[in-house]
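**Q** Pasting in a structure now, in structure tokens, and then I'll have a few things to ask.
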Amino acid sequence: MIIIKLLGVDQYQAASFVEDIQDQVAQAFETEPENILFYAPDSFLIYRGVDQTSYQLVVEIQAPMKYHPIEEQASEVLIKIFSQNHVHVRLVFDYFEEEHEHEFVNEEYPRFMTKGNMAHFDSDQEEGEEPYMGDAFENFEEKKKAKEEEQQKEEQERQSKRTDK
């Protein structure tokens, strides 16, 4: 498994960005897209107190040693891809021996969540139903006063039950 960590990228934009480049990156490493995961932590690159997000990008690649011979090829492709959205790109490769990688894949579930196999929940709002666009504060003071009176009444009832015991 190749893990590509993106530092200095907006984490909310990263998902859609990665969706578009997954196959290209897999081709650069001469592997299947399923062998590559991206990691976009909530991170900032800072220079002299100024946030460099989306200006500077540091890409850390953790990969099995077998990918070392194609590092130059992969670097060229990654720099080409990432420089489309960032001014400066720095790649750092970190290789490991495959015997130091351990993994468990639960065969009862798909290998990855995708847009097609994710659970989708209905909202409380009926489809086609328009949200309330009226004045949410209409008669606010009256409703507030009525609620306070109701709470006072409930508190008095609780107090009287305590004194009755």
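What follows draws every value from the coordinates through simple rules; no lab data is involved. Note that this is a predicted model, so its numbers are computed, not measured. Virtual Cβ from ideal backbone geometry, glycine too; neighbours counted across all protein chains shown.
**Q** For Y39, list long-range residues whose amide hydrogen, built 1.01 Å from N in the peptide plane, is under 5 Å from its own amide hydrogen.
**A** I4, K5, L6
**Q** Can you run phi through the Karplus equation (6.51, -1.76, 1.60; θ = phi - 60°) for the range 29-35 and list ³J(HN,Hα) in whole Hz, with x for Gly and Pro?
**A** Going residue by residue, I get 8, 6, 9, 7, x, 5, 8 Hz, with x marking Gly and Pro.
**Q** Given the options H86, I4, G116, identify the residue whose Cα lies farthest towards the positive end of the charge dipole of the chain (+1 on Cβ of Lys, Arg; -1 on Cβ of Asp, Glu).
**A** My answer, from the dipole projection, is H86.
**Q** Using θ = phi - 60° and the Karplus curve 6.51 cos²θ - 1.76 cosθ + 1.60, what whole-Hz ³J(HN,Hα) does each residue of the range 10-23 get, with Gly and Pro shown as x?
**A** 5, 5, 7, 7, 4, 4, 6, 4, 5, 4, 6, 10, 3, 5
**Q** Now a separate question. Rounded to the nearest 5, what is the percent of antiparallel bridges among the DSSP beta bridges in the range 2-100?
**A** Approximately 35 percent, going by the DSSP bridge assignments.
**Q** So if each residue of separation counts as 0.36 nm, and I subtract the Cα-Cα distance between Y47 and E98, what length gain in nm does that give?
**A** Values: separation 51, 0.36 × 51 = 18.36 nm, distance 3.60 nm.
Result: 14.8 nm gained on full extension.
**Q** For T31, which sequence-distant residues (separation of 5 or more, or a different chain) have an amide H within less than 5 Å of its own amide H, given hydrogens modelled in the peptide plane?
**A** It is none; the list stays empty.
**Q** If you take every residue apart from F93 with its C-beta less than 9 Å away from the C-beta of F93, what net charge results, scoring Lys and Arg +1 and Asp and Glu -1?
**A** Local charge sum for F93: -3.
**Q** Could you go through the range 92-100 in sequence order and give the Karplus-derived ³J(HN,Hα) for each residue, using 6.51 cos²θ - 1.76 cosθ + 1.60 with θ = phi - 60°, rounded to whole Hz, and x for Gly and Pro?
**A** Ordered by residue, 3J(HN,Hα) equals 10, 9, 10, 9, 9, 6, 4, 5, 9 Hz.
**Q** Residues with beta-carbon under 12 Å from that of E32, excluding E32: net charge, scoring Lys, Arg +1 and Asp, Glu -1?
**A** Net charge in that neighbourhood comes out at -2.
**Q** Quick one: dipole size for the chain, taken about the Cα centre, charges +1 on Lys/Arg Cβ and -1 on Asp/Glu Cβ, in debye to the nearest 20.
**A** That gives a dipole near 800 debye.
**Q** What's the angle, to the nearest 10 degrees (0 to 90), between helix 71-82's Cα axis and the longest principal axis of the chain?
**A** 40
**Q** Still on this structure, please answer the following. Compute for the chain: radius of gyration divided by Kirkwood radius, i.e. Rg/Rh, restricted to C-alpha atoms, rounded to two decimals.
**A** Reported Rg/Rh (Cα atoms, Kirkwood Rh): 1.30.
**Q** Also, quick follow-up: The range 1-109: which chymotrypsin sites (Phe, Trp or Tyr not before Pro) are DSSP loop and have at most 14 other beta-carbon atoms within 10 angstrom?
**A** F44, Y55, F104
**Q** Now for a different question. Longest span of the chain, sites excluded, free of GluC sites (Glu not before Pro) in DSSP loop with at most 13 other C-beta atoms within 10 Å?
**A** Working: sites that count: E30, E97, E101, E103, E107, E108, E126, E127, E129, E138.
Segment 31-96 is the longest.
**Q** What is the calculated FRET efficiency for Q156 to Y132, with r their C-beta to C-beta distance and R₀ = 45 Å, to the nearest 0.05? Intermediate values should be presented prior to the final figure.
**A** Values: r = 34 Å, r/R0 = 0.75.
Rounded to the nearest 0.05, the efficiency is 0.85.
**Q** Now for a different question. Kindly state, to the nearest 0.05, the FRET efficiency for A15 paired with E76, given R0 = 22 Å and r defined as their beta-carbon distance.
**A** Efficiency, from the Cβ-Cβ distance: 0.35.
**Q** Considering only the other residues whose Cβ falls under 15 Å of the Cβ of Y109, what net charge follows from Lys and Arg at +1 and Asp and Glu at -1?
**A** Once positives and negatives cancel, what remains is -3.
**Q** For the chain, what proportion of DSSP beta bridges, expressed in % and rounded to the nearest 5, is antiparallel?
**A** Of those bridges, close to 35 percent are antiparallel.
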